[in-house]
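> Quick one: the structure is below, questions incoming.
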Amino acid sequence: MGVVGLGGVGLPLAAAYVDAGFRVVGLDRDAQRVRELAAGRDVLRHQALAAGLLESGRFLATTDPERLSHCAAAFVCVPTPLAASGLLDEGPLSTAVAALAGVLPRGALVVIESTLPPGGTRTLVAGALAAQGRADLLVAHSPEREDPGAGRSLRAVPKLVAGRDERSLRAARSLHECVFDSVVPTESLEVAEAAKLYENAYRSVNIALANEFAAACAALGLDARAVLDAAATKPFGFQRFDPGPGMGGHCIPKDARLLANAARAAGASPELLELAARIHERRPLLVVEECAAKLGRPLAGARVLLLGVAYKRDVDVTTHAPALVVARELARAGAEVGWHDPLLSADRVVADHAGRALPRFERLEAEALSRADLVVVLTDHRCIDWDLVRTSARAVLDTRGVLRQGG
Ligand SMILES: NC(=O)c1ccc[n+]([C@@H]2O[C@H](COP(=O)([O-])OP(=O)(O)OC[C@H]3O[C@@H](n4cnc5c(N)ncnc54)[C@H](O)[C@@H]3O)[C@@H](O)[C@H]2O)c1
């Protein structure tokens with residue numbers, strides 16, 4: 001079988017199929033990534049997969065679509081980002097679909113694992129294949145539900161699957177049943193697509209609510225987390241979302257936006273989704289105001305040390321990370337900003353408002369903590385020595401509540 005796009009979604013999927021005994025051809029347009037994988041070197045920071053793939057003898061990484069010409073099925077795991085217009089950038093998906101149209105054998109199955117707005121698989125994949133003379137190919141959609149950094153097993157998360165027709169559904173379902181503990185068919189491609197977007201929109205709205213609620217609690221003189229602790233004792237009808245410095249990452253902001261755009265285009269008014277997006281945009285700017293309030297003096301000249309830059313705990317991803325905005329705006333206000341994030345690679349830069357690299361603290365030491373006028377906790381990585389922060393920092397703005405929880 002083939003996997004197109006060997007990133008955060010495609011590579012673990014390829015590894016799961018190799019583990020299940022399949023031969024997998026992995027196609028990626030990034031030649032460097034393919035070389036690394038072919039040499040058994042990891043390309044995903046949090047998952048050591050490459051050596052196992054190489055040792056299995058059942059995995060081939062390639063940039064050449066022709067190598068998929070014997071594959072009876074191909075999973076498409078390419079990015080589906082937003083274009084500058086705010087609409088879906090169809091480029092990577094269209095390129096992948098065209099490549100498959102050119103090489104897959106008659107009657108093969110194409111499963112889209114990438115996230116798409118409702119109607120995407122039908123028009124951009126099934127329609128495009130038909131227009132390229134490949135109406136013989138079966139088409140299914142099975143949205144990925146990875147939870148980066150959480151250490152959750154891929155196979156344990158129920159897998160939605162939908163087909164353009166019964167044959168496509170049957171084929172995709174029986175393949176995924178070789179790998180996933182639970183495969184859940186949906187009644188149409190669009191239901192599966194919309195379910196994925198709704199799951200992430202749900203998180204977006206609830207994170208916005210948690211942050212708005214925390215601001216209300218602060219105004220009311222209440223500890224928001226104490227209220228959440230109390231509310232979370234309710235055994236039904238409540239799922240806890242904690243406040244933080246803002247929402248980031250690659251998927252949730254994008255998927256909420258894709259859903260809002262699709263709804264608007266269809267004549268609906270997704271006001272809650274759009275309001276949540278505005279709350280997310282404002283949140284890091286409020287953190288900067290909270291820094292000034294905590295300092296009790298102007299930001300200009302204050303030494304501020306940021307702890308954690310990744311968008312969430314235990315990942316090394318900084319896409320749309322609120323910390324990047326906090327760092328930039330603190331620097332713009334004249335603060336001397338430094339940062340520490342043990343998970344980010346040595347070449348990672350956090351920039352000020354003029355694009356200049358801000359100083360990085362490779363190691364977290366008591367001296368740096370005590371020298372800072374303010375330490376701002378932005379990401380609660382488990383590997384940070386929170387006891388050291390507790391005992392050494394003179395003033396802390398803890399946007400994650402990690403010091404309260406005992407680290
Ligand atoms: N990473 C996640 O946590 C996650 C979770 C659920 C859903 N998704 C969705 O899955 C899809 C893939 O996301 P990802 O995080 O794996 O992306 P990624 O950027 O980590 O990896 C994508 C890979 O595809 C390759 N690629 C791009 N265009 C290609 C093409 N035309 N042909 C061959 N290779 C190509 C890139 O070089 C890259 O290696 C997106 O739609 C995303 O929204 C991601």
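> With n ≥ 4 as the cut-off for DSSP H runs, can you work out [θ] at 222 nm for the chain, using -39500 (n - 2.57) per run divided by the number of residues, rounded to the nearest 500?
On the way: 14 runs with 161 residues, N = 407.
That comes out to -12000 deg cm²/dmol.
> Can you give me the angle between helix 322-332 and the longest principal axis of the chain, using Cα atoms only, in degrees from 0 to 90, rounded to the nearest 10?
So the inclination is approximately 40 degrees.
> Using the Cα gyration tensor of the chain, with a ≥ b ≥ c the square roots of its eigenvalues, what is the shape: rounded (a/c below 1.5), prolate (a/b larger than b/c) or oblate (neither)?
Judged from the Cα gyration tensor, the chain comes out prolate (a/c at least 1.5, a/b above b/c).
> If you take every DSSP beta bridge fully contained in the chain, what fraction is antiparallel? Give it as a percent rounded to 5.
10
> State the antiparallel share, in %, of DSSP beta bridges confined to region 203-405, rounding to the nearest 5.
Of all bridge pairs located within region 203-405, approximately 5 percent are antiparallel.
> Here's a follow-up. Enter the accessible area of K312 (Å², nearest 10), with the probe set to 1.4 Å and all protein chains included.
Accessible area, nearest 10 Å²: 50 Å².
> Additional query: Between A20 and L222, what is the spin-label point distance in nm, taking each point 7 Å from the Cα along the Cα→C-beta axis?
Computed distance between label sites A20 and L222 equals 4.7 nm.
> While we're on this one: Would you mind classifying region 2-187 by shape? Square roots of the alpha carbon gyration tensor eigenvalues, ordered a ≥ b ≥ c; an a/c under 1.5 is rounded, otherwise it is prolate if a/b is larger than b/c and oblate if not.
rounded
> Another one. Kindly work out what percent of the DSSP beta bridges joining two residues of region 2-187 are antiparallel, to the nearest 5.
10
> Starting from the Cα gyration tensor of region 203-405, take the square roots of the eigenvalues, sort them a ≥ b ≥ c, and report rounded, prolate or oblate (rounded when a/c is under 1.5, otherwise prolate if a/b is larger than b/c, else oblate).
Prolate is the answer for region 203-405, as a/c is 1.5 or above and a/b outweighs b/c.
> In whole Hz and in residue order, list the ³J(HN,Hα) couplings for region 183-191 that follow from phi through the Karplus curve 6.51 cos²θ - 1.76 cosθ + 1.60, θ = phi - 60°; x for Gly and Pro.
10, 10, x, 10, 6, 7, 4, 5, 5
> Below 27 Å Cα-Cα, how many Lys pairs turn up in the chain? Only count pairs eight or more apart in sequence, or on different chains, if you could.
Within the chain, the lysine pair count is 9.
> Hey, rough spin-label estimate for D352 and R152, points 7 angstrom out along Cα→Cβ, what's it come to in nanometres?
A separation of 4.1 nm, rounded to one decimal place.
> Sticking with this one: Ignoring ligands, DNA and RNA, what percent of the 1.4 Å accessible area of region 78-140 is carbon and sulfur?
61
> What does the extension gain come out to for A215 and S370, with contour length at 0.36 nm per residue minus their alpha carbon separation?
53.0 nm
> Under 5 Å between amide hydrogens, which residues at least 5 positions from A73 or on another chain qualify, with H placed 1.01 Å from N in the peptide plane?
So A73 has HN proximity to G2, L109.
> Helix 91-103 versus the longest principal axis of the chain: what is the Cα-based angle in degrees, 0 to 90, to the nearest 10?
For helix 91-103, the angle is close to 20 degrees.
> Separate question: Using a simple charge model, +1 on the beta-carbon of Lys and Arg, -1 on the beta-carbon of Asp and Glu, nothing else, what dipole does the chain show about its Cα centre, in debye to the nearest 20?
On the way: 47 positive and 48 negative charges, 11 e Å.
That gives the chain a dipole magnitude of about 60 debye.
The values are calculated or read from the model by the stated rules, or taken from the named source; none is laboratory data. Predicted model only: the values in this text are computed from it and were never measured. No Cβ is skipped: glycine too gets one built from the backbone with ideal geometry, and neighbour counts run over all protein chains shown. To get the accessible areas, we keep the full protein, side chains included, count just its heavy atoms, and leave off ligands, DNA and RNA. Shrake-Rupley method; radii C 1.70, N 1.55, O 1.52, S 1.80 Å.
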